[in-house]
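Taking it in order: structure first as structure tokens, then the write-up.
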């Protein structure tokens, strides 16, 4: 039986990843849990072809601000529903940063959505969710991202699932 009091919710900035929030909201309030929202900003990767090497320009401060502006209203919406909520932005490889944040924060569970890729897509892109699941030292609660999102919100706005 899970009796933890702190859950890390990994969000990648996509609407489908926010589907996890409605489940977290359903359990966090009744179980008096604290929610830590996490957004990992992945460094941009240079593009290499046989003839060209292109290092993309990356404004790290701007990308961090964008991530903060994304998380702040979601956290506010959860707090408005009576859920103790904090948020953090980290930079690095997503699976590594999710696991490091979970350990550093002493969470009792990690919650995240998975793209559900298989075959070539999984081979090509890897799976953050799979890496987290394999290496986590706490329970991991996953849902497969829905193919479509029913209730779109404005960029940076709190998901309707979390506030309705």
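Relative intensity of region 2-113 on a log10 scale, I(q)/I(0) at q = 0.10, 0.24 Å⁻¹, equals -0.33, -1.39, per a Debye sum over C-alpha point scatterers of equal strength in the absence of solvent. Counting neighbouring Cβ atoms within 10 Å and putting the fewest first, the residues 57, 70 line up as 57, 70. Between residue 68 and residue 131, the modelled label-to-label distance comes to 2.6 nm, taking each label 7 Å out from Cα in the direction of the beta carbon. The simple Förster model, with R0 at 25 Å and r as the Cβ-Cβ distance, assigns residue 104 and residue 31 a FRET efficiency of 0.70.
If neighbour count is taken as other Cβ atoms inside 10 Å, put 114, 85, 49 in order from fewest to most.
Working: 114 19, 85 22, 49 7.
The fewest-first ordering by Cβ neighbours comes to 49, 114, 85.
No lab work stands behind these numbers, since they all come straight from the coordinates. These numbers come from a predicted model, not from an experiment. Here Cβ is always computed from backbone atoms with ideal geometry, including for glycine, and neighbour counts include all displayed protein chains.
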